[in-house]
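Reviewing the structure listed below.
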Amino acid sequence: MVICGQEFKEEIIKQIQTTIEMEPEISRRKLSMKVCQWLNWRAPNGKYKDMSCRVALVKLQRMGLIELPETGTNGFHRGQRKCDEQCGQEAFLGECQLEELGEVELVAIESGERKTSQIWNGLMSRYHYLGAGQLCGAQIRYLIKSSTQGWLGGVSFSGAAWRVGARDNWIGWSEQARRENLNKVVCNSRFLIVPKVANLASHVLSLCVKRIGGDWVERYGFSPLLLETYVERDRFEGTCYRAANWVYVGTSKGRGRQDRDRRYGVAIKDVYLYPLHEKASIILGEESKKSMPERGPQKPEGEDWAEEEFGLVELGDHRLTQRLMGIARDFYARPQASIPQACQTRAKTKGAYRFFDHPETNMDKVLEQHYEATLFRSSTESVVLAVQDTTSLNYSTHPATENLGPIGSNQESIIGLLVHDTMAFNLEGTPVGLLDVQCWARDKEEFGKKKRRHELPIEQKESYKWLRSWQRVAQWQKRCPKTTFVSVGDREADIYELFEMTLSEPSGPKLLVRAIQNRRLTEDEGHLWDRVGQQQVSGIQEVMVPRRGTRPARIAKLEVRFAKVKLKPPKRKAELRDITLWAVLAQEVDGPAESEALEWMLLTTCEIADFAQAVEKLSWYTLRWGIEVYHRTLKSGCKIEQRQLGHADRIEACLAIDMVVAWRIFHLVKLGRETPEVPCTVFFEEAEWKALSVYISQNPKPPDSPPTLREATRMVASLGGFLGRKGDGEPGTKTLWLGLQRLDDISSMWKILSVVHTTHIPNPPVSSKPNYG
C-alpha cells in the first residue's frame, strides 16, 4: 500500500512491528529514522523524510497493522515553545505611506537562530488570530523589516494541504500525480502585517513570490511550482492577494486536516493560487516520466468485472477495497434500486453508507483503477475519441444535503452538482471507459457574476474544465503512444486557449470541436464562416441524426466543404498567438421543412487534405452523441439523482461507482452490436446465462453451450420490455437496465435450485396432465 507517497510492503510492516516488540523503549523518532533507512526514504536534499515517516506510522497504527509506543515517553513528546513576553512589542504599530518605510525586506529565519525565531513567534502569538501554531512539513519563515521603522510583521510558507477540491480541480492531476508532485506546492500558512500602510501587503507578497523559489531550492533542494493560501472569508476579503495577482479558484469545504469524522467545524475559506511557472498546472499534472515506460497500459486482472475495474484501488485498507467491489456488484445487479434495495441486507447497507462516509473513499481514488483498465482497452485501438461533456445532477428534492450549489438560472431554486466527464469511444461507437471525471458545486457567493467573465483568466473560469480534460487525456496519450487520442467537444468547447494548448503539445492528443464563434482570420481573410463557405463543395455525405424529444430520427444529406484556416486571437486576448487549424463545414440540403436544417462547423488539429478525411472527422463527431446516451443511463438507469447521502462528498463517492456501472451497461449494449457472435460468457456468469435461457425458453434444461452475446443481450432486454419486432432494431440501454434487475432475481433463484435439486429426489406423485384436478 502507498502511504504519504511511499510504498509499504507487507515485509516492511512486519519488520516495523518486530522492531517495536524487540525494542519496547524505542522512541517514535528513532523508529521513523530506522524506517527511512530501510526504505531509503529521502527528500530531494538528501535528508531522511523523518516527519513524513512518522505520519505514515500513525496511519499504519490507525489501520491496525502496527502498535506504536506511547507518545510522551522516552523524550518523544515536546512541550510547546515559550515565546519571550517582550517579543512582538518591537513591531511598528503606526500609520504611514509605503514610501516612508524605506526599503522593505524579508529576513529569512535560519535553523538555530533563536532570537529571530522568538520575534516571529511573538508577533504571531500577539497579533495573528491563529497564533504561531505548528507549521506542517517543510517550511520557511520570514520577518518583514523596514529600514526606517523596524519589524512590520511576518510570513511563513509550509507544506501544502493533502486534498483541496478547488486547487485540485485547477491542477487537474491524477491520484498518482498528486502523490508525486504535492511537495512542489507550497502553502502560505501565515501572513501578518502589523501597521496600517496602504499597498504594503501586496508589496510584501510580490517580494515573497520573487524570494521563495530560490530559498526553497537552497533549503530543500528543489523548486516549488505553485503557491497556495486560504483566506477566511468571514474575516478578510483577500484584497491584497488579488492585487498581487494571486488566482482565486474557489472555496474550501470547512474541513480541517484532522477532520476524519467529517464534522466540518472549520470556517469556509477562499482558495488562492499563484503559479511560479507558466505551465505549473501541466507539470504538476504529469506523472513521473521515469516510471511511464514501465507503467504502460496494464491488463485488468480479476475473477469478474468488479475486480477488474476496482480490485487494485488503494484505499489504505484491503477491506475497503473488498467492500467497494461488493457495492459495485450490487449496484450493477439492481441499477435502479435504492442503496438498501441494492444491498438487500442490513449489514451490507450499513457497510455501504460507512464506505461513502470514509475519508479515503473519494471519487479520484475510487476511479483510479477504472482509468487504468480504460487505458488498457484503449491501447488495442488505433484511434480513441475522448468525448467530454458536462451534465448537472439535480438534488433539489433533497435540500438538506450539504455542500451543494446552484445549477440553474436561479440561485435558490435548483441546487446540485455539476459533472464534467470524458468517455473514451472506439470508432465503432463502443464506450471503452472513463478517462476523467470532474465534479464540483458552484459557489453561491459567486452566482450572478457572469459579467466578470471577460476580466478573469481562463484558469479562474468554469470553462477551464475543457482544458483540464485535455491535460488528463494528454497524460494517457504519453502512456499509450501507439493509440491516437482525439479530444472531442461540442460548441461549449470552442475556446481559443484550448486550441492553443493543443497546438503547443505536438505529441499530445488531437482536438475536434464544433465551432460556435465566427472567429476572425489573419491576413484580412475575413471571418471563419465566410472563408470556409466560399470553398467548393467537395462532396455529399449522409449522416444518421438520432431522435431527440419529439423530433424523429432521420438521414441528413450534408454538403461538405473544408479549408485550412489561420485564426486571430480574440481582441481581449491579444497576448495569445495566431493558430492554424483545419475547418470542416457541413450543411444539410433538402431537409424536412418541420426540422431545422443541420449545420456543423468543425475545427480540428488533424490535417484534412481531401473529402475522405473531412468525412472521417464528421463521422467522429457523430459519435459524440454517445456521451449523451451515457448521461441518460447514469441518471435514469442508475438513479444517481435519487441518492440520499446527506453530503456532496458522499454523493461523489457513490457517483464514482454509479458511473462505472452505467458505463458497463452502455458497453454491453454497444458490444452486443459490435461483436454479436462472441459467446455471452464475456459478460455473463454461467448461472446468469443458464437461468436466462431456462426462463426465456421455459425449458428446465439449459443449453449445452452458451448463447451468443447478441442473443443473451436481446433476452435480457426482453425482460425489460423489449419486444424484438422487425422494426424495433437492437435493444437500448433502458430495456437493458430494467432487464438486468429481473435477471438478478432469476439467477439467484437458479443458484438455489441448482444446489437443492438432485437426482435422488423422487418425482412428485401427481399426474403430468395439465388439467388434473
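The values are calculated or read from the model by the stated rules, or taken from the named source; none is laboratory data. Keep in mind it's a predicted model, so treat the numbers as computed, not measured. A quick note on method: Cβ atoms are made from the backbone with ideal geometry, for glycine too, and the neighbour counts reach across all protein chains shown. Remember, those area values only see protein heavy atoms, side chains included, never the ligands or the DNA or RNA. Shrake-Rupley method; radii C 1.70, N 1.55, O 1.52, S 1.80 Å.
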Nonlocal amide H pairs with G433, under 5 Å, H built at 1.01 Å: A424
Accessible area in square angstrom per residue, region 495-575, 1.4 angstrom probe: 57 Å²
Cross-link pairs beyond the 26 Å C-alpha cut-off, checked among K14/K59; K348/K639; K365/K573; K461/K573; K299/K701; K635/K751: K365/K573; K299/K701; K635/K751
Accessible surface, per residue, of region 142-248 when the full set of protein chains is kept, probe 1.4 Å, Å²: 36 Å²
Global form of region 598-728, assessed from the alpha-carbon gyration tensor, a/c cut-off 1.5: oblate
Computed over region 173-227, Kirkwood Rh from alpha-carbon pairs, angstrom: 13.1 Å
Integer Hz, Karplus 6.51/-1.76/1.60 couplings in order for region 427-441, x for Gly and Pro: 6, 8, x, 7, x, 7, x, 7, 10, 6, 9, 10, 9, 7, 10
Carbon and sulfur %, accessible surface of region 116-172 computed with the full protein complex present, 1.4 Å: 49 percent
Portion, in percent, of the accessible area of region 428-534 that falls on carbon or sulfur, probe 1.4 Å: 43 percent
For W151, distant residues with modelled amide H under 5 Å away: F92, S146
Estimated vicinal HN-Hα couplings, Hz - region 591-602 in sequence order (Karplus 6.51, -1.76, 1.60; Gly, Pro = x): x, x, 5, 7, 10, 6, 4, 6, 8, 10, 10, 9
Nearest-0.05 FRET efficiency for N40 and D578, computed from C-beta distance (R0 41 Å): 0.25
Mean separation of Cα contacts under 8 Å, 6 or more apart, over the residue count of the chain: relative contact order %: 9 percent
Relative packing of peptides 527-533, 504-510 - highest average C-beta neighbours within 10 Å first: 527-533, 504-510
Computed over region 463-617, the ratio Rg/Rh where both radii use C-alpha atoms and Rh is Kirkwood: 0.98
Calculated P(r) of region 267-391 - Cα pairs past 18 Å, %: 68 percent
Long-range Cα-Cα pairs in the chain (distance over 34 Å), rounded percent: 58 percent
Extension gain, L723 back to K751 (0.36 nm per residue minus Cα-Cα distance, nm): 7.4 nm
Heavy-atom SASA rank of C136, C96 (probe 1.4 Å, accessible area, largest first): C136, C96
Region 510-604: GluC sites (Glu not before Pro) in DSSP coil with no more than 16 other Cβ atoms inside 10 Å: E523, E525, E575, E594, E596
Environment charge of E70, counting only residues whose C-beta is closer than 12 Å and scoring Lys/Arg +1, Asp/Glu -1: -1
